[in-house]
Amino acid sequence: MVKMSGRLIDAGLITRRRDDQDHRLVRLWLTDAGQALRQPIEFERNRLEQKITEDLTETERHTLLSALGKIQRAAAALLAKADEHPALHDQTH
């Protein structure tokens, strides 16, 4: 993440700032240039999603995307929990 965020900062697409509440955390924020790329990237992501799942039935596609959403939410919850409890960081990284 550090290398990737460094490249995005160098490209002027994001900035890095300390969290206002918890100064141990560093947050990444889109710049205006980064915001300008959101719509074209989302369009391309949707196009790729359609292409990758074109052989699935609508039911299979819905089931897959629902399952992936649940996995993403569970992963985000684990990361948030680790942020709340620094001792858990060693277990999640």
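Given their separation in residues at 0.36 nm each and the Cα-Cα distance between them, Asp19 and Ile41 gain 5.3 nm when the chain is fully extended.
Report note on the peptides 65-74, 6-15: ranked by the mean count of other C-beta atoms within 10 Å, highest first, their order is 6-15, 65-74. Candidates Leu48, Leu64, Leu30 compared by Cα position along the dipole of the chain: farthest toward the positive end lies Leu30, with charges placed on Cβ. Against the main long axis of the alpha-carbon atoms of the chain, helix 32-52 sits at an angle near 30°. Over the C-alpha trace of the chain, radius of gyration and Dmax come out as 17.3, 48 angstrom. Residue separation of Lys81 and Leu68 scaled by 0.36 nm, minus their Cα-Cα distance, works out to 2.7 nm of gained length.
Proximity of backbone amide H atoms, modeled 1.01 Å from N, is registered between Ile14 and Ile9, Thr31 at under 5 Å, excluding neighbours fewer than 5 places apart on the same chain.
Phi angles across the stretch 12-24 convert, under the Karplus curve 6.51 cos²θ - 1.76 cosθ + 1.60 with θ = phi - 60°, into 3J(HN,Hα) values of x, 9, 9, 10, 10, 9, 5, 5, 5, 8, 10, 5, 6 Hz, Gly and Pro given as x. Over the chain, Cα pairs under 8 Å with separation of 6+ residues give a relative contact order of 13 percent. Residue-wise HN-Hα couplings along the stretch 53-63, as the Karplus relation 6.51 cos²θ - 1.76 cosθ + 1.60 with θ = phi - 60° gives them from phi, are 9, 5, 8, 8, 6, 4, 5, 4, 4, 4, 4 Hz; Gly and Pro carry x.
Throughout, read-outs are computed from the coordinates displayed, never taken from laboratory work. Given the structure is predicted, the values throughout are model-derived calculations rather than measurements. All Cβ positions, glycine included, derive from the backbone under ideal geometry; neighbour counts span all protein chains shown.
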